[in-house]
1. For region 68-210, what's the radius of gyration and Dmax over Cα atoms, in angstrom?
2. Got a number for the accessible area of Ile12? Probe 1.4 Å, square angstrom, nearest 10.
3. As an exercise, find the ratio Rg/Rh for the chain from alpha-carbon atoms, using the Kirkwood inverse-distance average for Rh.
4. Roughly how many debye, to the nearest 20, is the charge dipole of region 315-467 about its Cα centre, given +1 on each Lys and Arg Cβ, -1 on each Asp and Glu Cβ, and no other charges?
5. Looking at Ile104, Pro255, Asn216, which one has the Cα that reaches farthest to the positive end of the dipole of the chain (charges on Cβ: Lys, Arg +1; Asp, Glu -1)?
6. Loop only per DSSP, at most 13 neighbouring Cβ atoms within 10 Å: give me the trypsin sites (Lys or Arg not before Pro) in region 1-82, ordered by residue number.
7. Region 286-374: percent of C-alpha pairs farther apart than 21 Å?
8. Just to be sure I understand the curve: with the Debye formula and one point per C-alpha of region 239-346, what is log10 I(q)/I(0) at q = 0.18 Å⁻¹?
Amino acid sequence: MNKLLKNILNDINLLKKYDQHAFDYIEYPHKSFWNIKINQEDIIKNFEKVCIEEIPVMLYVHIPFCEQLCSFCICNRQITSDYKVVEDYLYNSLFTEIDLMTEITAKFKKQFNIREIYFGGGSPTFLKKNEFKKLKDKLKQLVNFEKINQFSIEIDPRRVDENGLLFYADEGVNKISFGIQDFDVNVQNKINRLQSVSIIQKLLTDNVRKRFKSINFDLLIGLPAQTVKSMSSTINEVIKLKPDRIALAYLAYNPEYHPHQRHMMIGELLPDFFRRKEIFVEALVRLEGSSYVRAGFEHFAVPEDDVTKSLRKKRAYYNSFGTTTGDCTSVLALGRSSYSTIGENIYYQNFYEQKKYQNSLKEGLIPLHRGWVLNKDDKLRRKIIKDLRTYFNLDINKLNSEYGIIFGEYFKREIKVLNEFSSDGLLTYNESNIVLSENGKHFSNLIGSIFDSFIKTSRYNEKIKIN
């Protein structure tokens, strides 16, 4: 058995002690702490700074529609078979938001320096070719497509064929991301998402592979009926299909906000904390044994991928799109419920509700639901959390120099908690750096959360002692 597998799975008390909730830290502070104190002027002021300084920006466009509900899903989405609902959203809301952004930036006499585009959902493949073309044409108000380095779209493989993928390539899309989750039929039945390996095989023809610079697969850990054996089989198929990148995320189960998730539990329990870790380790060991490079906590890429190259150069950056090259850390997000990261200082999220979103746009206002203005302490803690999550280490000397602090004095409270993790072999800490062990990498989100000033609960189960 692989040494890594033995280490992390041999001590049940270690897993019990540190099986604690931790945010994914796509952003810091986590958006559950954002508030309504932020205003339109705050956002527009930062828009101007980003435009004037020509800071590279990723444009995210949210298409929140699906034809069928997957029971694992936590995305903001609307299930419909009525295409008129999609057209109404596109032409009467999203296009209005594009017009608003055009009007705002016209005052600066400079547009956003948009270098990457990402269509997400929902299922962007819900859009028919006519609407896709019209949306792309509308975006020319904001985007110089000749400057775009990466144009990505999320793919529902059940809703496209080879010609559909080649259409996207003809329209300039050069990266596609497939929602796979798991190839096991029993698991697929439980999550209401049947899609065979053969569907993916038929899509990824030689012609398709030649047209896209990067192909990503999304997989989920902790689904009902999922086992080490079934995950091993899934990873076998993934390796054969040779995607450039793989996201290996843990299932986020929160039926309080996503009650449809309870459907997964009919006649089946979710894997417990030990089984989840066991399944993750199986996937991890198999992928790393097949030349994939671990790019942060739950992402993998082939050695020649742009993300892997950025990781080596210490430029990679983790956000809602996974581990990215770090070329665009600012995100301008359009669409219902989408959220933006503007420069170094601002987060904001659009309204979830269609009526509020649409009415705000009709009034000529950014459809602001909530947001956050980051202070110096927020930026410092964000830097620490993202470095630990992406690189599994922290250069304390460099941090002290960049932020003008003395780490040992600034983080006295946090160091006491770090020492507990250190005593259990999850990390080493000294005045110069923090380095996560192989076991510690499994808890990188949790270790990062030690530096979350908004969390007051203990980061481990104090009743469990490790021998």
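The values are calculated or read from the model by the stated rules, or taken from the named source; none is laboratory data. In this text, all values refer to a predicted model and were calculated from it rather than measured experimentally. For neighbour counting, all protein chains shown are included, and Cβ atoms are generated from backbone atoms with ideal geometry for every residue, glycine included. When the accessible area is computed, the model is the full protein with side chains, heavy atoms only, and any ligands, DNA or RNA have been set aside. Shrake-Rupley method; radii C 1.70, N 1.55, O 1.52, S 1.80 Å.
1. 17.0, 56
2. 70 Å²
3. 0.95
4. 500 debye
5. Positive-most Cα among the choices belongs to Asn216.
6. Answer in residue order: Lys37.
7. The share of Cα pairs beyond 21 Å in region 286-374 comes to 48 percent.
8. Debye output, listed in q order: -1.05.
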